[in-house]
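Written out below as structure tokens is the structure these notes cover.
Rule-based calculations on the coordinates, nothing more; no lab input. All of these numbers come straight from a predicted model, not from anything done at the bench. Backbone-built Cβ (ideal geometry, glycine too); neighbour counts: all protein chains shown.
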Amino acid sequence: MNKLKEKLASKGLKATVQRLYVYEVLLNSRQHPTAEEVYREVSRVLPSVSLSTIYNTLETFVEHKLVNKVHNDSGIARYDAFVETHHHIYSENGEVIADYYDEKLAELLNDYFTKKKIKGYEIKEIRLQIICSTKEKESKK
């Protein structure tokens, strides 16, 4: 918990019990949980926590760049505590979002957009979303 407290303090945030548990849930999640999923996990330890507190905490974390908000076609926001450059692989049904790390791909994308500017825009970050069908689905065809 001390490392989590230090991380929050480094962003100028007070290390409240709610924030610590929300951040811990995000760090320990293999998937990119929704606010409701975070709420279910945190409320096991802090039964009095409200869903509103979870949403507010997640948005505060996004604003302070502690987590990324990940969107998919379903319109449900998911949250990712790993903010270093990486991409995402989505299942067609949108239920699974997996991190995808490929330094060569990141380098290619950065080089491309460094050379080819988009008029009227300043690119701050490039995140690729790869949508795939699962192998199980393909094998049933």
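Positive contributions from Lys and Arg (+1) and negative ones from Asp and Glu (-1), summed over other residues with Cβ under 12 Å from the Cβ of Leu105, come out at -2. For the chain, hydrophobic long helices are taken as DSSP H runs at least 15 Å long by C-alpha position along their axis with mean Kyte-Doolittle hydropathy of -0.5 or more; these are 17-28, 51-63.
Rounded to the nearest 20 debye, the dipole size of the chain about its Cα centre is 240 debye, using +1 on the Cβ of Lys and Arg and -1 on the Cβ of Asp and Glu.
Per residue, the Cα convex hull of the range 2-80 amounts to 85 Å³.
Taking every DSSP bridge with both residues inside the chain, close to 65 percent are antiparallel.
Reducing the range 98-130 and the range 71-85 to their Cα centroids gives an inter-centroid distance of 17 Å. With 22 Å as the limit on Cα-Cα distance, the pairs of Lys69/Lys115; Lys69/Lys104; Lys5/Lys65; Lys5/Lys124; Lys14/Lys65; Lys65/Lys119 that go past it are Lys69/Lys115; Lys69/Lys104; Lys5/Lys124; Lys65/Lys119.
Our estimate of slack between Tyr55 and Asn28, defined as 0.36 nm per intervening residue step minus the Cα-Cα distance, is 7.9 nm.
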